[in-house]
Each structure stands twice: as structure tokens, then as C-alpha cells.
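Sharing a structure below in C-alpha cells format, with a few things to ask.
The values are calculated or read from the model by the stated rules, or taken from the named source; none is laboratory data. Predicted, not measured: the structure shown is a model, and the values here were computed from it. Quick reminder, even Gly has a Cβ in these numbers, built from the backbone with ideal geometry, and neighbours come from all protein chains shown. Side chains included, ligands, DNA and RNA excluded: accessible areas come from the protein's heavy atoms. Shrake-Rupley method; radii C 1.70, N 1.55, O 1.52, S 1.80 Å.
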Amino acid sequence: MERPTVLLLLLAFLTPGAAIRVPPAMKALSSLRWSNSFTSRGTVAKKYSIHYIQQKVNHFGFDADKTFKQRYLIADEHWKKNGGSILFYTGNEGDITWFCNNTGFMWDVAAQLKAMLVFAEHRYYGESLPFGNKSFTDSRHLDFLTSEQALADFAVLIKHLKKTIPGAKNQPVIAIGGSYGGMLAAWFRMKYPHIVVGALAASAPIWHFGNLVPCGVFMEIVTKDFKRSGPNCSETIRSSWDAINRFARTGAGLRWLSENLDLCTALTNTQDVQHLKAWISETWINLAMVDYPYESDFLQPLPAWPIKVVCQYLKNPSVSDAQLLQNIFQALNVYYNYSGQASCLNISETTTSSLGTQGWSYQACTEMVMPFCTNGIDDMFEPHSWNLREFSEDCFKQWGVRPRPAWIITMYGGKNISSHTNIIFSNGELDPWSGGGVTKDITDTLVAITIPEGAHHLDLRARNAFDPTTVLLARSLEVRHMKQWIRDFYANQRKKH
């Protein structure tokens with residue numbers, strides 16, 4: 001997926017009154033450049049063909065004239081027309097080629113599942129823009145940016161593939177996605193069970209809505225990740241906010257912060273300081289999502305187990321404010337300058353790629369309303385309550401829309417999903433999004449797989465020599481379930497004939 005993937009406007013939450021930006025938490029999907037061979041960073045060259053299909057702008061109306069081109073990718077090197085399957089990636093908030101190159105698991109299992117791989121781009125992202133370069137210039141054009149419309153695109157595309165590709169008509173399709181894409185995969189199976197035989201929903205926080213889970217659970221998991229990675233690490237971060245506030249009281253203090261944190265743009269006022277603290281918070285959040293056991297460049301080039309590296313600089317919360325913040329700078333440098341190429345730190349950027357930040361901002365302001373809060377006791381952040389009214393005002397200023405916080409629960413059932421079948425919910429215990437995910441079996445066919453040493457959708461990444469045993473086991477369980485769905489599909493076909 002990428003930039004961490006999906007959700008509230010955490011930044012709006014962290015910076016009261018700020019313009020809506022994509023929440024750190026759901027920017028989980030980022031780009032990896034192609035490489036020519038397998039590398040320690042987990043990327044491998046991918047061979048696929050690029051295709052387009054004309055989709056209706058509005059599947060739930062009858063204006064047949066309004067259509068757009070949806071992009072999708074196909075890789076069929078291991079596909080078998082006899083007894084094969086189709087693995088369908090439910091694209092999320094970004095360019096589909098990023099997700100294609102970040103979902104190595106699908107490529108790794110294609111041969112044993114005799115699978116064709118299909119990666120479908122989500123409307124309003126990448127090249128799949130319903131109104132071209134005017135898609136975001138008029139809020140009326142954005143009425144069709146919803147999860148429901150995206151799922152309908154996927155259903156129409158699969159029907160098209162089965163109709164136009166010889167040998168595909170009578171094959172089972174399995175939906176796969178991570179982060180927001182994982183939510184879509186689960187919802188796709190729920191809403192279109194006749195189209196897909198099952199779904200793998202990795203790191204999919206389908207319950208991070210309304211009051212289905214406590215609003216503080218996300219930040220509590222971030223804090224636990226730092227607490228377990230080094231002595232006094234989370235306590236040092238908790239102490240840093242007051243240290244920043246004390247420095248920010250004077251012009252000399254603002255200059256000191258700007259110089260000693262090596263900021264590209266000097267801090268000049270209180271709003272700048274709020275923005276700085278939100279940027280630092282987002283950095284800790286992103287590190288929690290990509291705390292992988294090997295070097296990676298998912299969001300930024302990072303070392304293996306990056307939080308442990310960060311925590312080496314954050315061992316003593318009792319030093320002077322100046323020393324503490326110089327230690328924070330060293331920790332931030334692990335994230336922003338591991339490659340040694342950054343000349344200064346830019347507090348308007350937290351990842352190296354620009355995913356569909358506009359699109360996600362709009363989605364978070366309409367139906368993808370995910371509450372976040374902190375209390376500064378159970379977590380390492382400054383206290384902030386979840387204020388829906390304030391969030392709604394920010395959304396209205398930016399997009400002219402008001403959020404519908406209860407709609408996703410109405411649409412997809414909230415916790416009342418036991419009537420559905422054949423969905424795997426996988427979550428890493430290190431991933432803060434697991435707090436809004438399904439972490440216990442609901443039925444025999446709505447199963448939860450927990451990866452104790454896993455961060456954000458680690459199981460969807462390519463296999464790596466440094467993978468912990470727990471993720472190897474998780475992937476083997478996922479494949480076992482998928483093989484069973486495929487067997488059941490063909491057994492039912494034989495019964496019909």
C-alpha cells in the first residue's frame with residue numbers, strides 16, 4: 001500500500017485549526033523504485049502490462065455519458081488457465097504502480113496458486129482521474145470519490161476481465177489489500193461475495209470508526225513500540241513537548257530551535273511551533289508503522305528495526321531542555337537523513353513520495369472519519385481530545401463538505417459482520433492500526449492472524465532473509481486459507497456440472 005495508508009486527519013487533530021492534511025497514520029503507502037534484482041530492501045523488478053477500462057463516473061446513477069479511464073496492471077507469468085486463480089489487489093490512496101512494487105507477497109505466491117495478478121487503481125488516484133486535471137478543482141466533481149464507487153469499479157473490472165481474457169471466465173478471484181486497501185478488500189468480499197471468493201485484509205482498521213474502539217488506542221500502540229525499543233525512550237519523547245514549549249516562549253528560543261533542529265525554514269510564531277510538534281509526532285507514528293526487521297525505503301530510507309536505532313539517542317528524559325532537544329534532533333535524523341543526503345529538515349514533508357494527499361484529505365472529511373485522541377499518560381504525546389465539531393469546521397473550510405462519522409458503520413456493518421465468510425484479517429502487533437483491526441477470530445471463516453513482530457502489513461511485503469518466523473507462519477496460514485477457497489470454488493463448479 002502505501003504512504004501509511006488511510007485515515008483521520010491526524011494532523012488536523014494534532015494541529016488545531018490547521019488546514020486539513022492527510023493524516024500521518026494513513027499515508028502508509030509509499031513508492032519503491034524498481035530494482036533489477038532482489039535486494040536487502042525487499043524490492044524486486046516486476047514485469048506487468050498496463051491496461052485501461054472505461055468506467056462509469058457514477059455507478060449508482062444512469063448518466064451513461066460520463067465515463068473515465070481506470071488504469072490496471074496485469075502480471076500473468078505464472079497463471080494457468082486450468083486450475084488457476086486470480087489475485088486482485090484492491091488499490092488504495094495512490095499510484096497503483098507503487099502498490100504493485102510494494103506487494104511482494106502476491107508475486108511470491110503467484111506460482112503456487114497458478115495465479116494471474118491484477119492491480120486495480122483506485123479512482124481519483126494515480127492516472128485514474130474521473131475529471132482529469134479538474135478532478136479536484138470543483139467539490140461537485142468529488143461527489144464520486146467514495147469507497148462504494150471504488151468497489152463498484154473493481155466489480156465491473158473483474159467482470160470485464162472474465163469476459164475478455166480467454167481462460168479467466170471460470171476462475172476464482174481473491175481480493176488482497178493492505179491498510180485502506182485492506183479495508184476495501186474486506187468490504188469487497190462483504191458487498192460482492194459473488195465476485196470474489198475470499199479476501200486477505202492486511203492491517204485493515206475496519207473498526208476505527210465511531211466508538212467501536214477507543215480513540216486513544218492508536219497512539220497508545222505507537223508509545224508501546226517506543227517503550228519496548230529502549231529504556232526511557234517513550235518517556236524522553238513525552239518530556240520533549242514541554243521542552244519545546246519552554247524554548248518557544250521567546251524569539252531567541254525560536255531561533256535556537258530552528259538552528260539546533262536544523263530546520264529548512266525558521267520558526268517565527270506559535271503556529272509554526274504547533275506545526276513543528278505535529279511534524280515530530282507524525283515522524284514517531286511513521287516509524288511505528290515501518291518498524292521492519294530489515295533496511296527499507298518504504299517511507300524513507302531506514303535501517304533495520306529503526307525505532308531501536310532512534311531510541312539509542314533517547315535514553316534520558318532528565319537532562320537539560322537543550323540536551324534533550326539535541327537528542328531529539330539526532331533521533332529525527334535517523335528517519336530523515338539515514339542516507340546522509342539531507343541538508344536540512346523540512347517540516348512540511350514526512351515521506352519521500354507524494355501519494356494522493358488531496359484525495360485522501362477529502363475521503364477523511366466525508367466517510368473515512370477515524371477518531372484519534374491522546375491523554376499524555378497512556379501515550380507519549382501532548383493531550384488532545386477528539387473534537388468532531390472542530391474537525392467538521394476544518395473540512396467545511398477546505399472542501400465545503402461535512403463528515404458523516406456513522407456512515408461507514410451503516411454501510412459495512414461495524415462489528416456486526418458474522419454473516420460474512422472467507423476473510424482473513426492480518427495485523428502486526430507493532431502496527432498502530434491494529435488497534436482498529438480485527439484481532440480475534442469471529443467465525444471459522446472470518447479469521448484473525450496476528451504477527452507479534454510485524455509492523456504495517458509486513459506480511460504483504462516480499463519475503464526477506466530477515467523476516468521473523470512469525471511473519472513466515474502468517475503467510476503460510478494465509479496461503480493455506482486461499483488454497484482452500486480455490487479448492488472449494490472448483491469443487492462447487494464440478495457439482496454444478
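Can you name every residue in the range 469-495 that is closer than 20 Å to Trp107 by Cα, surrounded by 17 or more Cβ atoms within 10 Å (Cβ to Cβ) and not β-branched (Val, Ile, Thr)?
Hits for the range 469-495 are Ala474, Arg475, Glu478, His481, Met482, Trp485.
While we're looking at this one, here's another question. Of everything in the range 282-300, what is part of a loop (DSSP other than H, G, I, E, B) and open to solvent by less than 40 Å² (accessible area, probe 1.4 Å)? Give them in sequence order.
Passing the criteria: Val290, Asp291, Tyr292, Pro293, Tyr294, Phe298, Leu299, Gln300.
Tell me, yes or no, whether the range 231-254 has at least one residue that is at pLDDT 95 or above, out of contact with any helix residue (DSSP H, G or I) (no Cβ under 9 Å at 6 or more places or on another chain), part of a helix (DSSP H, G or I) and farther than 29 Å from Ala175 by Cβ.
Looking through the range 231-254, at least one residue is at pLDDT 95 or above, out of contact with any helix residue (DSSP H, G or I) (no Cβ under 9 Å at 6 or more places or on another chain), part of a helix (DSSP H, G or I) and farther than 29 Å from Ala175 by Cβ.
Could you list, in sequence order, the residues of the range 198-224 that are among the polar types (S, T, N, Q) and open to solvent by less than 20 Å² (accessible area, probe 1.4 Å)? Steps first, answer last, please.
Quick first cut of the range 198-224, residues among the polar types (S, T, N, Q) only: 203, 211, 223.
Answer for the range 198-224, where residues must be among the polar types (S, T, N, Q) and open to solvent by less than 20 Å² (accessible area, probe 1.4 Å): Ser203, Thr223.
What about Arg475, is it touching a residue at least 24 places away in the same chain (Cβ under 8 Å), of a type in the set (Lys, Arg) and assigned to a helix (DSSP H, G or I)? Let's see the steps before the verdict.
Numbers: touching a residue at least 24 places away in the same chain (Cβ under 8 Å): yes; of a type in the set (Lys, Arg): yes; assigned to a helix (DSSP H, G or I): yes.
Criteria met by Arg475.
Further question: Looking only at residues that are under 26 Å from Phe136 (Cβ atoms) and of a type in the set (Lys, Arg) in the range 388-418, which one is nearest to the chain's Cα centre (by Cα)?
Arg404
Quick one: which residue in Val369, Val438 is in the same structural domain as His194 (by the TED database) and among the aliphatic types (A, V, I, L, M)?
Of the residues listed, the single one that is in the same structural domain as His194 (by the TED database) and among the aliphatic types (A, V, I, L, M) is Val438.
Looking at Phe68, Phe38 in this structure, which one is modelled with pLDDT under 95 and closer than 30 Å to Pro172 by Cβ?
Of the residues listed, the single one that is modelled with pLDDT under 95 and closer than 30 Å to Pro172 by Cβ is Phe38.
Moving on to the next point. List the number of the failed condition for Gly454; all other conditions in (1) part of a helix (DSSP H, G or I); (2) open to solvent by less than 60 Å² (accessible area, probe 1.4 Å) hold.
Single failed check for Gly454: (1).
List pairs: first residue in the range 180-207 and farther than 20 Å from Gly359 by Cβ, second residue outside any loop (DSSP other than H, G, I, E, B) and acidic (Asp, Glu) anywhere in the structure, Cβ distance under 6 angstrom, at least six positions apart or on different chains.
Here the result reads Leu200/Glu478; Ala202/Asp459, each pair linking the range 180-207 to a residue that is outside any loop (DSSP other than H, G, I, E, B) and acidic (Asp, Glu).
Is there any pair with a first residue in the range 380-397 that is closer than 20 Å to Asn211 by Cα and acidic (Asp, Glu) and a second that is open to solvent by 60 Å² or more (accessible area, probe 1.4 Å) and modelled with pLDDT under 95 whose Cβ atoms are under 9 Å apart and which are 6 or more apart or on different chains, and what are they?
Glu390/Pro16
Next question, about the same structure. Given (1) in contact (Cβ under 8 Å) with a residue 24 or more places away in the chain; (2) open to solvent by 10 Å² or more (accessible area, probe 1.4 Å), where does Val319 come up short, assuming only one miss?
(1)
Still on this model: Kindly provide the set of residues from the range 338-355 that are open to solvent by 40 Å² or more (accessible area, probe 1.4 Å), at pLDDT 90 or above and within 21 Å of Leu314 (Cβ to Cβ), ordered by number.
Answer for the range 338-355, where residues must be open to solvent by 40 Å² or more (accessible area, probe 1.4 Å), at pLDDT 90 or above and within 21 Å of Leu314 (Cβ to Cβ): just Tyr338.
Against the definition (open to solvent by 20 Å² or more (accessible area, probe 1.4 Å), in contact (Cβ under 8 Å) with a residue 60 or more places away in the chain and under 21 Å from the mean Cα position of the chain (by Cα)), how does Thr421 come out, yes or no?
Numbers: open to solvent by 20 Å² or more (accessible area, probe 1.4 Å): yes; in contact (Cβ under 8 Å) with a residue 60 or more places away in the chain: yes; under 21 Å from the mean Cα position of the chain (by Cα): no.
Taking the combined requirement at face value, the residue does not satisfy it.
Ok, one more. Does Ser240 qualify as being assigned by the TED database to the domain that holds Cys373 and polar (S, T, N, Q)?
Considered against the rule, which asks whether it is assigned by the TED database to the domain that holds Cys373 and polar (S, T, N, Q), Ser240 comes out as yes.
A follow-up question, please. Filter the range 393-418 for residues that are of a type in the set (Val, Ile, Thr) and open to solvent by 30 Å² or more (accessible area, probe 1.4 Å); which is nearest to Gly454 (Cα to Cα)? Break it down stepwise before answering.
The first filter runs over the range 393-418 and keeps only residues of a type in the set (Val, Ile, Thr), leaving 401, 408-410, 417.
Among the residues that remain, those that are also open to solvent by 30 Å² or more (accessible area, probe 1.4 Å) are: 409-410.
Details: Ile409: 27, Thr410: 31 Å.
In this case the residue turns out to be Ile409.
Open to solvent by less than 10 Å² (accessible area, probe 1.4 Å), aromatic (Phe, Trp, Tyr) and closer than 25 Å to Ala342 by Cα - does that describe any residue in the range 248-269?
The answer is no; no qualifying residue exists.
Given (1) exposed (fewer than 15 other Cβ atoms within 10 Å of the Cβ); (2) within 16 Å of Ile176 (Cα to Cα), where does Thr67 come up short, assuming only one miss?
Thr67 satisfies all of (1) exposed (fewer than 15 other Cβ atoms within 10 Å of the Cβ); (2) within 16 Å of Ile176 (Cα to Cα) except (2).
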